[in-house]
1. Put +1 on the Cβ of each Lys and Arg and -1 on the Cβ of each Asp and Glu in region 1-103; which of GLY21, ALA6, GLY82 then has its Cα farthest toward the positive end of the dipole?
2. Give the relative contact order (percent, whole number) for region 1-149; include only Cα pairs under 8 Å separated by 6+ residues.
3. Looking at the chain, what % of its DSSP beta bridges pair antiparallel, to the nearest 5?
4. At what distance in angstrom do the alpha carbon centres of region 1-61 and region 71-129 lie from each other?
5. So if each residue of separation counts as 0.36 nm, and I subtract the Cα-Cα distance between PHE67 and THR2, what length gain in nm does that give?
6. Kindly work out what percent of the DSSP beta bridges joining two residues of region 28-185 are antiparallel, to the nearest 5.
7. Let me have the 222 nm mean residue ellipticity of the chain computed from DSSP H runs of 4+ only, each contributing -39500 (n - 2.57), with the sum over all residues rounded to the nearest 500.
8. With +1 on each Lys and Arg Cβ and -1 on each Asp and Glu Cβ, and nothing else charged, work out how big the dipole of the chain is about its Cα centre, in Debye to the nearest 20.
Amino acid sequence: MTIGEAPGKIILFGEHAVVYGMPAIAIPVRTLRARALVETIEGNPGAVMVEVKELGLSFWLDEAEDFKPLVETIRILLNRLGLSTDQCLRISIHSTIPVASGLGSSAALSAALLRALADHNGNSLPLHEQSSLVYETEKIHHGTPSGIDNTVIIYDRPIYFQRNHEPEFIKPDKSLTFLVASSGQPSLTGEAVAGVRERWLDNRPQYDSYFEAIGSVVEEARSAFSAGDLKILGTMMNRNQELLEAIGVHTSALEKLIQAATKSGAAGAKLSGAGLGGNVIALVTPATLSEVRDCMLDAEATAVYTIEVDP
Ligand code: PMV
């Protein structure tokens, strides 16, 4: 039996603009994980049984009519890995990453599947190849993924990312603590990205200027992240949030969480990921953490996660 694992992720700065070539910053979320197990079982050669334990699901890949993204992901990976069809396989999946909430559930699951399948096949793929394969599967969710999710998840390190550039690994001088609060509303990446594209096509000069402004925020945030400068980092989160509002991916539930965080002492707060639901991320200190967490729970966060970024 082989096992593959991958962490969740969260985008700190630059979502959406990153699809249009601007830089962005993301970090892994190691407390949330996707895991896949692959084993050979008795059965027809080439047949693949898929099990998702938490959902009580079990189905043959060839007969699957639902769970399209998962089925398509497995098909793409089997195909790209050229996995031999002389065995019957069982793939068991287990993930603690909430789906449709900007925490990288699809890319992490795909990375875990890829690692378990490649290992089963005796392949050891370099990280950049793993990242491109997971990128292929990310296209199932929306046609123009920037590549940030697969990159941060595969490399499992904080990154400064720009499309068609090598990722740059970054780390803070001092520990940073973030709280991630879930709004309970699903964030549908494909829909949010398509909406931004439509508005960009309607008014390119305006949207290009929003994207460039986000790009400048990311540059300042990168220096503040490295220096562990909470004041500037928080200010940049708030500025990035204003620009995300301008491009139309905000919701009132997210606003409630942002207000709760900033009023209770967070250094800054913004939505994270595609928006239209999903999560808010807030920058805190050991002194403000519990007050901000409580206030976000009072503001109807359905879950709050703590993320530490170590120097
Ligand atoms: O999957 P999410 O919700 O973290 O959103 C991905 C971030 C976007 O910039 C909106 C899309 C992309 O491909 O980078």
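Values quoted throughout were computed directly from the atomic coordinates according to the rules given, and no laboratory measurement underlies them. Please read these numbers as outputs of a predicted model, since none were measured by experiment. No Cβ is skipped: glycine too gets one built from the backbone with ideal geometry, and neighbour counts run over all protein chains shown.
1. It is GLY21, whose Cα lies furthest towards the positive end.
2. It comes to 33 percent, rounded to a whole number.
3. 90 percent
4. Computed from Cα coordinates, the inter-centre distance equals 7 Å.
5. 21.1 nm
6. Numbers: 14 of 19 bridges.
Bridges in region 28-185 that DSSP calls antiparallel: roughly 75 percent.
7. On the way: 9 runs with 127 residues, N = 311.
Computed ellipticity for the chain at 222 nm equals -13000 deg cm²/dmol.
8. The dipole magnitude comes to about 460 debye.
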